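This report concerns only the one structure given below.
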Amino acid sequence: VQLQASGGGLVQAGGSLRLSCAASGRSFSGYTMAWFRQAPGKEREFVAGITWSYGSVYYADSVKGRFTIARDNFKNTVRLQMNSLEPEDTAVYYCAADESGWVTQNSAEYDYWGQGTEVTVSS
């Protein structure tokens, strides 16, 4: 089972990036998919999550109105559209999958993790 994250890079403040996460090795039918991030010297934090069944979405307060999470269940992919990026968004971003089907902000609840993709926002 693999989650492969991509799309990170260097962008100026106010710019946009789109991250993608492709799942392979098994079907993620029923799984919640989420994005977390970890900045240098900080703990990993929840960014956004989306359920399988109704596509219900949840966001951290810090990204509401700027980030959008979406999934393609047929292609086993999830993406994170990030707009109006700020230097505080600089971090390594990880995608994760949780078989419970619920969105939780607790990273320990997630069963599978991607390798991370680095996002750097310059001021």
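The values are calculated or read from the model by the stated rules, or taken from the named source; none is laboratory data. This one's a predicted model, so the numbers in the text were calculated from it and none came from an experiment. All Cβ positions, even for glycine, are placed from backbone atoms using ideal geometry, and neighbour counts span all protein chains on display. Note: areas computed on protein heavy atoms with side chains; ligands, DNA, RNA excluded. Shrake-Rupley method; radii C 1.70, N 1.55, O 1.52, S 1.80 Å.
Any chance you could count how many residues in the stretch 70-85 are part of a loop (DSSP other than H, G, I, E, B) and open to solvent by 40 Å² or more (accessible area, probe 1.4 Å)? Break it down into steps so the answer makes sense when it comes.
Step one: list which residues in the stretch 70-85 are part of a loop (DSSP other than H, G, I, E, B), which gives 73-76, 83-85.
If we keep only those that are open to solvent by 40 Å² or more (accessible area, probe 1.4 Å) as well, we get 73-75, 83-84.
Total satisfying the criteria: 5.
Which of the residues that make up the stretch 86-123 are assigned to a strand (DSSP E or B), over 13 Å from Q2 (Cα atoms) and not charged (D, E, K, R)?
Correct list: A91, V92, Y93, T117, V119, T120, V121, S122.
For the stretch 106-116, which residues satisfy the criterion of being out of contact with any Leu (no Cβ under 6 Å at 6 or more places or on another chain) and open to solvent by less than 20 Å² (accessible area, probe 1.4 Å)? Quick ask: steps written out before the conclusion?
Filtering the stretch 106-116 down to residues out of contact with any Leu (no Cβ under 6 Å at 6 or more places or on another chain) leaves 106-111, 113, 115-116.
If the condition is that a residue be out of contact with any Leu (no Cβ under 6 Å at 6 or more places or on another chain) and open to solvent by less than 20 Å² (accessible area, probe 1.4 Å), then Y110, G116 are the ones that fit.
Scan the stretch 31-60 for residues that are in a loop (DSSP other than H, G, I, E, B), at pLDDT 95 or above and surrounded by 15 or more Cβ atoms within 10 Å (Cβ to Cβ) and report the count.
2
Give me the pairs, please: first residue somewhere in the stretch 90-111 and over 14 Å from I50 (Cα atoms), second residue anywhere and in a helix (DSSP H, G or I) and open to solvent by less than 40 Å² (accessible area, probe 1.4 Å), beta-carbon distance under 7 Å, and either six or more positions apart or on two chains.
none
Report yes if some residue within the stretch 13-29 is over 15 Å from the mean Cα position of the chain (by Cα) and part of a strand (DSSP E or B); otherwise report no. Please lay out each step first, then the result.
Taking the stretch 13-29 first, the residues over 15 Å from the mean Cα position of the chain (by Cα) are 13-15, 24-29.
Those left that are additionally part of a strand (DSSP E or B): 24.
Within the stretch 13-29, one or more residues are over 15 Å from the mean Cα position of the chain (by Cα) and part of a strand (DSSP E or B).
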